[in-house]
Amino acid sequence: MDPIVLNSISIFLVQVGARFLNFDLTNAQLKMVKHPWVQSLILVALFYVSTRNIVTSVGLVLIYYLFVTFLLNENSKYNIYDKKWLEKEGLKERTFEDKTEEYYSNIQKL
């Protein structure tokens, strides 16, 4: 069988099977697994299994963190979401600066 097909099947089985596995981890082990460095290492390992290239895996992790930490994080000043949409959906409250700007613009209209 083609190696690409086997790799795809194995990744699919790992993803589906991981949902049904029950790991009895201690509190110390859970705390260790939730540490950001350990999660990054696990993410590199997942990408490495898929790509079989460590440089590509690290690059994909960096791209992932760029999107999650900055571009798709509504609390980041570099987010790509529209402020009005975030406020309308209740995902982010207006900041003091936004309220101040609106106040001054309303005063200037008078």
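Applying 0.36 nm per residue to the separation of E102 and N7 and subtracting their alpha-carbon distance, the gain on full extension is 28.7 nm. For K92, the residues whose amide H sits under 5 Å from its own are E87, ignoring neighbours fewer than 5 places away on the same chain, with H placed 1.01 Å from N.
Taking the Cα centre of each part, how many Å lie between the stretch 43-63 and the stretch 74-97? With the stretch 43-63 and the stretch 74-97 each reduced to a Cα centre, they are spaced 31 Å.
Highest first, please rank the peptides 12-25, 39-52 by the mean number of other Cβ atoms sitting within 10 Å of their residues.
The most tightly packed comes first, giving 39-52, 12-25.
Taking the helices alone, the chain has a mean residue ellipticity at 222 nm of -20500 deg cm²/dmol, built from -39,500 (n - 2.57) per DSSP H run of at least 4 residues and averaged over all its residues. Along its principal axes, the stretch 25-74 has C-alpha extents of 33, 33, 12 angstrom, given from the largest down.
For the chain, the relative contact order is 10 percent, taking Cα pairs closer than 8 Å that sit 6 or more residues apart in sequence and dividing their mean separation by the residue count. Give me the lysines in straight-line cross-link reach of K83: C-alpha distance below 24 Å, same-chain residues under 8 apart excluded. Hits, sequence-local ones excluded: K92, K99, K109. The GluC sites (Glu not before Pro) of the stretch 61-110 that meet both conditions, a loop assignment by DSSP and at most 12 other Cβ atoms within 10 Å of the site Cβ, are E89, E93.
Each reported figure results from applying straightforward, stated rules to the coordinates on display, with no laboratory input. Since the structure is predicted, the reported quantities are computational estimates derived from the model, not experimental observations. FYI the Cβ positions are ideal-geometry reconstructions off the backbone, even for glycines, and counts take in every protein chain you see.
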